[in-house]
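Comments concern the structure below.
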Amino acid sequence: MQVSTISFDRFNVLADNEAQERIRAARARLGDRAVLLCHHYQRADVYQHADLTGDSLKLARLASQTDAEYIVFCGVHFMAEVADILSKPSQIAILPDLAAGCSMADMASLAKVERCWRELAEVLDRTDELITPVTYINSAADLKAFCGEHGGIVCTSTNAPTILDWAFSRREKVLFFPDQHLGRWTGFKKGIPLDEMVVWDPDLEYGGLTPEQIRKAKILLWKGHCSVHQMFQPVHIDRWREKHPHGFVISHPESMLEVCQKSDYVGSTEFILNTITNAPPNTHWLVGTELNLVSRLAEEMKPQGKVVQFMAPTVCMCSTMQRIDPQHLAWTLENLAEGKVVNQIKVPEHEAELARIALDRMLAVS
Ligand code: 13P
Ligand code: SF4
């Protein structure tokens, strides 16, 4: 029998403090039947309820290890899909607001990647022997399935260097999607010349490349980017260093190449958090990643005299992840406490099977 769910309308108008109360009450009723996984970019009023936090790789592993009946994912859509794919069939992955997508993930679609693969085959003949498709975990499940089917793999910002080694040990070229910047930075660190990493524009025939460029390329970089990380510019680092010559700059690899080159450290959100947390007291940091994480770090580091500053002069948040607010979380948890599942993320079985192949390859090598 279909049980009708509690409507969100009543929660939309809840004051923040009331939403917080109801989250706590629903959690108490649910006990260990629900686990709350939170990405580091999650807003503070939701992050405070996390059972487990992490970057994409850590959260993927945690999702595969938990025994909770409900995995409530405070992150974005692709993260909840990964939780669904890697968890047991009896577990249910939930995204408190279905509008919490990733704009970068949306820059690559299966139709466009399949067209790219066909066009590459026209130029190179044997794509499955010559090119390893590598998808950043920030992508839809059907693209992970594409990689599973074509001898490819998934990577995260943490393991991208290891994954590129794996990919090149099998085939001579890599098609990297959807983030050109992570692909370029990782290739650059491996010594691949910039002119052998060409950008594939999915809106142009043959990606806007000549057959000669395609034959010469080691990495074909999908023309995609993160709208948050594109805000960080080399000039922000230059100006800051003039004022803080002894300070440190740390950036996420979704930032452009020139920003990564000018940074002292480059790595995932978990890496950024650990590096600053473990740094000596009274150090000064400029951070190129999302504002919620940077603001939280700035507060937490104050007692140790560490100063943590955001790289861009403008406010740039992951506006989609921001949609998961206390009201949506309270609504989700109260429904679960009543035995009603809302906003379940369920990847179709055939797609999940192929995507799991690409994810398992990643987990095995990283
Ligand atoms: P991390 O895996 O480093 O947390 O990155 C995820 C992400 O979306 C960064 O924008
Ligand atoms: Fe996607 Fe950028 Fe948000 Fe990360 S910060 S989830 S890449 S839109």
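Coordinate-derived values only; no laboratory data. What you see is a predicted model, and the numbers here were worked out from it, not measured in a lab. Because the Cβ atoms are built from the backbone with ideal geometry, glycine has one as well, and the counts that use them run over all protein chains shown.
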Q: Give Lys144/Lys189; Lys262/Lys346; Lys223/Lys243; Lys190/Lys302; Lys223/Lys302; Lys88/Lys340 a once-over and call out the pairs whose C-alpha atoms are over 30 Å from each other.
A: Lys262/Lys346; Lys223/Lys243; Lys190/Lys302; Lys223/Lys302
(Q) Along the Cα→Cβ direction, 7 angstrom out, place labels at Lys302 and Thr283. What is the inter-label distance in nm? (A) 2.1 nm
Q. Which whole-Hz couplings ³J(HN,Hα) result when phi for each residue of region 101-118 is put into the Karplus expression 6.51 cos²θ - 1.76 cosθ + 1.60, θ = phi - 60°, listed in order with x for Gly and Pro?
A. x, 10, 5, 5, 4, 6, 7, 10, 10, 4, 4, 6, 5, 5, 5, 4, 4, 5
Q) With +1 on each Lys and Arg Cβ and -1 on each Asp and Glu Cβ, how big is the dipole of region 321-366 about its Cα centre, in debye rounded to the nearest 20? A) 100 debye
Q: Quick one: which residues, 5+ away or cross-chain, put their amide H under 5 Å from the amide H of Phe248? H built at 1.01 Å from N.
A: His284, Trp285, Leu286
Q | ³J(HN,Hα), Karplus 6.51/-1.76/1.60, whole Hz, each residue of region 297-302, x for Gly, Pro | A | 4, 4, 5, 5, 8, 3
Q) Hey, what did the chain get for relative contact order, percent, Cα under 8 Å, at least 6 apart? A) 24 percent
Q: First check a/c for region 104-185, with a ≥ b ≥ c the square roots of the eigenvalues of its C-alpha gyration tensor; if it is under 1.5, answer rounded, and if not, answer prolate when a/b is larger than b/c or oblate otherwise.
A: oblate
Q | Tail beyond 28 Å, pair distance distribution of region 35-183 (Cα, percent) | A | 24 percent
Q: Would you calculate, for the chain, the mean residue ellipticity at 222 nm contributed by helices, counting each DSSP H stretch of 4 or more residues as -39,500 (n - 2.57) and dividing by all residues, to the nearest 500?
A: -13000 deg cm²/dmol
Q.
Give me log10 I(q)/I(0) at q = 0.10, 0.15 Å⁻¹ for region 235-326, Debye formula, one equal scatterer per alpha-carbon, no solvent.
A. -0.24, -0.55
Q: Please give the peptides 70-78, 354-362, 174-182 ranked by average Cβ packing (other Cβ atoms within 10 Å per residue), highest first, as a rough proxy for protection.
A: 174-182, 70-78, 354-362
Q: Have a look at Val365, Val347, Ala337 and report the one farthest towards the positive end of the charge dipole of region 325-365, computed about the Cα centre with Cβ charges (Lys/Arg +1, Asp/Glu -1).
A: Val365
Q: Find the relative contact order for region 231-366 and round it to a whole percent, using C-alpha pairs within less than 8 Å whose residues are 6+ positions apart.
A: 19 percent
(Q) Taking every pair of distinct Cα atoms and averaging 1/r, then inverting, what Kirkwood hydrodynamic radius in Å comes out for the chain? (A) 21.4 Å
**Q.** Cut-off 15 Å between beta-carbons: net charge of the residues surrounding Arg215, Lys and Arg +1, Asp and Glu -1
**A.** -3
Q: Grab the other residues whose beta carbon is less than 12 angstrom from that of Glu69, score K and R as +1, D and E as -1, and report the net.
A: 0
Q) Cβ under 12 Å from Asp16's Cβ, Asp16 left aside: what net charge do those residues give with Lys, Arg +1 and Asp, Glu -1? A) -2
